[in-house]
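Everything on this sheet refers to the single structure shown next.
The values are calculated or read from the model by the stated rules, or taken from the named source; none is laboratory data. Quick caveat, the model's predicted, so the values are computed rather than measured. Areas reflect the complete protein model, heavy atoms only, side chains present, ligands, DNA and RNA absent. Shrake-Rupley method; radii C 1.70, N 1.55, O 1.52, S 1.80 Å.
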Amino acid sequence: LAMASQTVITVQPQFSVAQQPGEWQTGLLDCCSDCGVCLCGMFCFLCLSCQVAGDMDECCLCGSSVAMRTLYRTKYNIPGSILQDFCSIWWCSPCALCQLKRDINRRRAMGIF
């Protein structure tokens, strides 16, 4: 009788997807890149907050939250931290919300939102 050889697997096959780091489509202070969003953020912050929340299928009250910014940044692999998100929202809420809305608009236009 011939013995059947058995292959011993010592390393499990792995599947990994290396996601490329993303980036914001516009800077935090790039208001002039979309004046409509900027004006809405400055004069009707709650309206813009609800628009962002609606875009992300979340409750209207969540649009300008740290959690929303962190969720979005994580989804698109944008470098940063919860602390940076908190500081952006705390010290520059209109700018941070406008940046998020501009990013949503640009990703939607590129078909990747």
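At 1.4 Å probe size, with every protein chain present, just tell me what the per residue accessible area of region 35-110 comes to in Å².
It amounts to 52 Å² per residue over region 35-110.
Based on the Cα atoms of region 38-103, what semi-axes does the equivalent ellipsoid have, where each is the square root of 5 times one gyration tensor eigenvalue, given in whole Å with the largest first?
17, 13, 10
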